[in-house]
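S.K.: Below are the structure tokens for one structure; questions will follow.
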Amino acid sequence: MGDFGAVDLLSFVTGSMPAISASAPGKIILFGEHAVVYGQPAIAVPVNQVKAKAIVIANPMASPGKIHVQAPAIELDSNLDELAKDHPIASAIYLTVQALKITRPPACTLRITSSIPVASGLGSGAAVTVAVIRALSTFIGKPISDEETNSIAFEVEKIYHGTPSGIDNTVVTYSRPVYFLRDQPIELLKVPHSFTIIIANTGITSPTRVTVGDVRQAWQSYPDRVEPIFSAIGKIVEQARRLIEHGEPYQIGPLMSEDHHLLQKLGVSSNELDQLVGSALEAGALGAKLSGGGRGGNIIALADPEHAPGLAEILRQSGAAQTIITTVST
Ligand code: PMV
């Protein structure tokens, strides 16, 4: 098992206190965002260059049931019972403890850190949840299976996203490329030939809940216009899947650009995203699109591995706040 998506089995010692840590990767959606909420397929892959990490440190001096939560990035430093019941981190803890059928977990401090940009389509919320479930359940001595981790994380995703499809929690939990269909068993995507993707962040945060809500409103108001867009996206996903699984990943470029065009029609792109997509294509990317909820967050671009660093540089010069070069492989 790699460093990501795994519990650190060599639980370490801080002073005299035993601690358990677990981490989970970020993710990007290659194809199918938004339409996936309405039953179309989507393809998502983990991004191992960024991760969320949870560390649980025993606190034997405190009474059982006391959990202290620290997440410095969001200035969180509170006892669990001081957090709102529907706070996503509190929910992850309560659902984990409930799944383990215990009433009072041993007292501990839960520390959360993450290098995944928030509200940017990189699955930061799902990764934090999965890391918390894994670290806490292992600390309690009853590690929770991937299947159950995934279903708890889905419940927490509802707090973040309103009506999530479940794709984020699935790809983050399994840490493998997935072909995803809502409410269907998980299908891992075969990637016989790895390929390179550049992720470029606009630096603009955009809550997925908002764009998902706007797409829902558009669909309710104009189903005749919006449903054909969902179906067209679904067809693109199927074509992309065939190419990737047949070992021709560098042929998916035009499909990415087509998908971006459809997402523009859904109203989830923005000037910044369109500009980065344009810059990527001008600089020789084989295809480019927004990834995730849209209106901010990231674009992704397909490039030969040898061209990727130069392309990433051009994207930064064109205004990207951050770029990541990632390799998609099974
Ligand atoms: O978390 P994001 O921004 O990558 O978006 C998730 C993808 C959507 O299709 C927009 C929503 C969903 O739940 O599938």
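S.K.: Measure off 7 Å from each Cα along the Cα-to-Cβ vector at residue 82 and residue 246, then give the distance between these two points in nanometres to one decimal.
M.R.: About 5.9 nm, to one decimal.
S.K.: Which of the GluC sites (Glu not before Pro) across the range 222-330 are loop residues per DSSP, with 16 or fewer other Cβ within 10 Å?
M.R.: Those that pass, being in a loop and sparsely packed, are 306.
S.K.: Taking the simple approach of a point 7 Å from Cα along Cα-to-Cβ for both residue 59 and residue 282, what is their distance in nm?
M.R.: With each label placed 7 Å out from Cα toward Cβ, I get 5.3 nm.
S.K.: Whats the longest run of the chain with zero trypsin sites (Lys or Arg not before Pro) that are DSSP loop and have at most 11 other Cβ atoms within 10 Å?
M.R.: 102-330
S.K.: What's the magnitude of the charge dipole for the range 130-288 around its Cα centre, counting Lys and Arg as +1 and Asp and Glu as -1 at the beta-carbon? Answer in Debye, nearest 20.
M.R.: Charge dipole, the range 130-288, about its Cα centre: 200 debye, nearest 20.
S.K.: Another question, if that's okay. Which loop GluC sites (Glu not before Pro) in the range 28-125, with loop taken from DSSP, have no more than 12 other Cβ atoms within 10 angstrom of their Cβ?
M.R.: Those that pass, being in a loop and sparsely packed, are 75.
S.K.: In whole Hz, what ³J(HN,Hα) sequence does the range 163-174 give by Karplus (6.51, -1.76, 1.60; θ = phi - 60°), x for Gly and Pro?
M.R.: 10, x, 7, x, 5, 4, 4, 5, 5, 6, 5, 8
S.K.: Still on this structure, please answer the following. Between beta-carbons, use under 14 Å as the cut-off and find the net charge around residue 204, counting Lys and Arg +1, Asp and Glu -1.
M.R.: That sum, taken over residues with Cβ under 14 Å, equals -1.
S.K.: Given that compact globular proteins tend to follow 2.2 N^0.38 Å, what is the ratio of the alpha-carbon Rg of the chain to that value?
M.R.: Its radius of gyration relative to the 2.2 N^0.38 Å reference: 1.00.
S.K.: Let me ask something additional. Under 14 Å from a point 7 Å along the Cα-to-Cβ line of residue 142: which residues of the range 63-88 have their amide N that close?
M.R.: none
S.K.: Also: Among 26, 317, 125, which residue has its Cα positioned farthest towards the positive end of the charge dipole of the chain, with +1 placed on the Cβ of Lys and Arg, -1 on the Cβ of Asp and Glu, and the dipole taken about the Cα centre?
M.R.: So the residue furthest toward the plus end is 125.
S.K.: May I pose another question? From zero outward in steps of 5 Å, how is the percent of C-alpha pairs of the range 24-182 spread across the bins?
M.R.: That works out to 2, 10, 19, 23, 20, 13, 8, 4, 1, 0, 0, in percent per bin.
S.K.: Calculate, in nm to one decimal, what residue 322 and residue 209 gain on full extension: separation in residues at 0.36 nm each, minus their alpha carbon distance.
M.R.: 38.4 nm
No value in this document is a laboratory result; all are computed from the given coordinates. Not measured: the values here are computed from a predicted model. Cβ atoms come from the backbone with ideal geometry, glycine included; neighbour counts cover every protein chain shown.
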